[in-house]
1. Filter the stretch 138-149 for residues that are assigned to a strand (DSSP E or B) and within 17 Å of residue 87 (Cβ to Cβ); which is farthest from ligand 1 (Cβ to nearest atom)?
2. Is the stretch 63-82 home to any residue that is in contact with a strand residue (DSSP E or B) (Cβ under 9 Å, 6 or more places away or on another chain) and under 24 Å from residue 160 (Cβ atoms)?
3. Do the conditions hold for residue 107, that is, is it within 15 Å of ligand 2 (Cβ to nearest atom), at pLDDT below 95 and surrounded by fewer than 15 Cβ atoms within 10 Å (Cβ to Cβ)?
4. Condition first: in a loop (DSSP other than H, G, I, E, B) and touching a strand residue (DSSP E or B) at 6+ places or on another chain (Cβ under 6 Å). Now tell me which residues in the stretch 106-117 satisfy that.
5. Would you call residue 135 away from ligand 2 (no atom under 16 Å from the Cβ), surrounded by fewer than 17 Cβ atoms within 10 Å (Cβ to Cβ) and outside any loop (DSSP other than H, G, I, E, B)?
6. From the residues in the stretch 164-177 that are within 22 Å of residue 111 (Cβ to Cβ) and touching a residue at least 24 places away in the same chain (Cβ under 8 Å), which one is surrounded by the most Cβ atoms within 10 Å (Cβ to Cβ)?
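The values are calculated or read from the model by the stated rules, or taken from the named source; none is laboratory data. Here the structure is a predicted model, which is why all the values come from computation and not from measurement. Positions of Cβ are backbone-derived with ideal geometry, glycine not excepted, and every protein chain shown enters the neighbour counts.
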Ligand SMILES: [Ca+2]
Ligand SMILES: [Ca+2]
């Protein structure tokens, strides 16, 4: 008796997959969708150490970040006059205030273009952490376009000793180098004038 050998020949079925490439397909008709611009309104914060002091309306507004300050500053009609820094070398980490005004300064320093009688005003809150601007300036820099120089006074209301006119100075410690004063004005100014 024959038993038919069970010849189990696997049948291999090959499935060929053809990728049909649509050559010359019509260009996408979907126009590039503009990415919506998320309006980033800078949010003031009373303890922010990056501040704008606008002398045209005596309004001081502080922010947590430099980006927010810059964004806010770009909305002002006023022009930047001078930046005053809590740290030397215009150190951003210590915070700073940009003073704005409605005009630049005249070319001569024989006049006074702006008076800032006290550095607790228009500062009404902390910068940073409870420190008022009085006796905090360690470096200062005026904005070239507005041609102002700054004169520092020890006390409020332009009392006490005063510095010469300074265009910019990285360290108010009295080095006399560049436009820096030759006597110490580090953490000393209590009021100032611009011309
Ligand atoms: Ca002082
Ligand atoms: Ca002037």
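1. Pass one, the stretch 138-149, residues assigned to a strand (DSSP E or B): 139-142.
Cutting the leftovers down to within 17 Å of residue 87 (Cβ to Cβ) gives us 139-141.
Numbers: 139: 16, 140: 14, 141: 20 Å.
It comes out as 141.
2. yes
3. Numbers: within 15 Å of ligand 2 (Cβ to nearest atom): yes; at pLDDT below 95: yes; surrounded by fewer than 15 Cβ atoms within 10 Å (Cβ to Cβ): yes.
Considered against the rule, which asks whether it is within 15 Å of ligand 2 (Cβ to nearest atom), at pLDDT below 95 and surrounded by fewer than 15 Cβ atoms within 10 Å (Cβ to Cβ), residue 107 comes out as yes.
4. The first filter runs over the stretch 106-117 and keeps only residues in a loop (DSSP other than H, G, I, E, B), leaving 106-113, 117.
Correct list: 112, 113, 117.
5. On the way: away from ligand 2 (no atom under 16 Å from the Cβ): yes; surrounded by fewer than 17 Cβ atoms within 10 Å (Cβ to Cβ): yes; outside any loop (DSSP other than H, G, I, E, B): no.
It is false that residue 135 is away from ligand 2 (no atom under 16 Å from the Cβ), surrounded by fewer than 17 Cβ atoms within 10 Å (Cβ to Cβ) and outside any loop (DSSP other than H, G, I, E, B).
6. To start, the set of residues in the stretch 164-177 that are within 22 Å of residue 111 (Cβ to Cβ) comprises 164-169.
Right, trim to touching a residue at least 24 places away in the same chain (Cβ under 8 Å) and you get 165-169.
Details: 165: 17, 166: 21, 167: 16, 168: 18, 169: 26.
Going through the qualifying residues, I end up with 169.
For (1) at pLDDT below 50; (2) over 25 Å from residue 191 (Cα atoms), each residue gets a yes or a no:
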site: 13; (1), (2): yes, yes
site: 24; (1), (2): yes, yes
site: 33; (1), (2): no, yes
site: 42; (1), (2): no, yes
site: 57; (1), (2): no, no
site: 63; (1), (2): no, no
site: 84; (1), (2): no, no
site: 87; (1), (2): no, no
